[in-house]
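Inspection log for the structure reproduced underneath, given as structure tokens.
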Amino acid sequence: MMVGTILSNFWVALIAFSVYFLFSYPFIEGMGIIINACIVSFVFFILTFLGRAIIRFIISNPPEEVEGMPIDNDAEILKSEISPEDYAELVKTMLNEEEQPNSQP
């Protein structure tokens, strides 16, 4: 796993080097451009380690759920708000709505 991490960091550094090198197109000072591109690639190599560490921390430690509100109390609240008679009327109206389009053709 460590070899894959280092290799992918080298890929990121190579891409950073290439992009910096290509965006400094008028190659007037060759050595200055190469030194600056090497510095940029080294910085990106180190930043990739930091980015991977942050991602690994987030994945391995998911946020904990709030334990203050139990689910049973929520279910009791829903049961107390809607009476069984209301459920029965709701089911009757839904059945009537389903039967009406079938009888029209």
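Does the range 44-52 include one or more residues that are in a helix (DSSP H, G or I) and of a type in the set (D, E, K, R)? Steps first, answer last, please.
Of all residues in the range 44-52, those in a helix (DSSP H, G or I) come to 44-52.
Remaining after also requiring of a type in the set (D, E, K, R): 52.
Yes, that holds for at least one residue.
Scanning the range 95-104 for any residue that is in a helix (DSSP H, G or I), exposed (fewer than 10 other Cβ atoms within 10 Å of the Cβ), at pLDDT 85 or above and of a type in the set (S, T, N, Q) turns up at least one such residue. If the condition is being under 23 Å from the mean Cα position of the chain (by Cα) and loosely packed, with under 11 Cβ neighbours inside 10 Å, then the range 1-15 contributes Met1, Gly4.
Checking Ser80 against (1) under 30 Å from Phe10 (Cα atoms); (2) of a type in the set (S, T, N, Q); (3) at pLDDT below 70, which test does it fail? All conditions pass for Ser80, except number (1).
Filtering Ser24, Ser41, Ser18 for residues that are surrounded by 10 or more Cβ atoms within 10 Å (Cβ to Cβ), modelled with pLDDT of 75 or more, touching a Phe, Trp or Tyr at 6+ places or on another chain (Cβ under 9 Å) and in the same structural domain as Ile6 (by TED's automatic domain parsing) leaves a single hit, Ser41.
The values are calculated or read from the model by the stated rules, or taken from the named source; none is laboratory data. All of these numbers come straight from a predicted model, not from anything done at the bench. Here Cβ is always computed from backbone atoms with ideal geometry, including for glycine, and neighbour counts include all displayed protein chains.
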